[in-house]
């Protein structure tokens, strides 16, 4: 029987992820369910959290995906077309014994829930369920397992460049970089908008609070200051888009 979870309220845009892997990269979740509409809804809800999601519809594909993507958590349906979720879990545990697994089940019998937990599942939800509940359960599993932690919102990171908004410290590749107050504000604005071209007018308004009017040279001057401190001797991160503005992105080796 096809079951549909309760959909979350619509949002205009996804927020930045507040839960991330220890290295700062997005949480990876593998969703295994042969009901495509349900899997799609789950995937949408988890991607809204800023997580990377991969979906599979059978046990064999799930095991292959787990080997390839090394997920931080697995959402696993008990009833699959080729093997049941308990068998998938047993095989999964032989290769990745510590990955948290959240079971989805249409069965409401106590013995079925106990069987899933006894087999090594970390938690379960019974269909139909709310997407918010699945997200909340996964958050708890990820934190308890140590696979993910709350992102430090005071840190901005682009490639190997790190800016601490609280302490005003900046480093690249672990080496500290001293910036003036204005250089810091300019870099912060760029790093809050990675890979986005920012016009001189936008930069003037945000960093200097000037209306655009003959002051473009001050932007060019401070961009050159930043390049000397951030990019010299390293793969460049600050780029000019002629006639459009400037952007920052991870440096790429020559």
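Throughout, read-outs are computed from the coordinates displayed, never taken from laboratory work. The shown structure was predicted, so the numbers you read here are calculated from the model rather than taken from an experiment. Cβ placement follows ideal geometry from the backbone for every residue including glycine, while neighbour counts extend to all protein chains displayed.
Computed with the Debye formula from one identical point scatterer per Cα of the stretch 155-248, without solvent, the log10 of I(q)/I(0) at q = 0.10, 0.15 Å⁻¹ comes to -0.23, -0.53. Shown here are the Rg and Dmax of the Cα trace of the stretch 19-150, at 13.3, 40 Å. Semi-axes of the equivalent ellipsoid of the stretch 125-206 are 36, 18, 10 Å, computed as sqrt(5λ) over the eigenvalues of the C-alpha gyration tensor in descending order.
Projecting label points 7 angstrom from Cα along Cα→Cβ for residue 193 and residue 206 puts them 0.4 nm apart.
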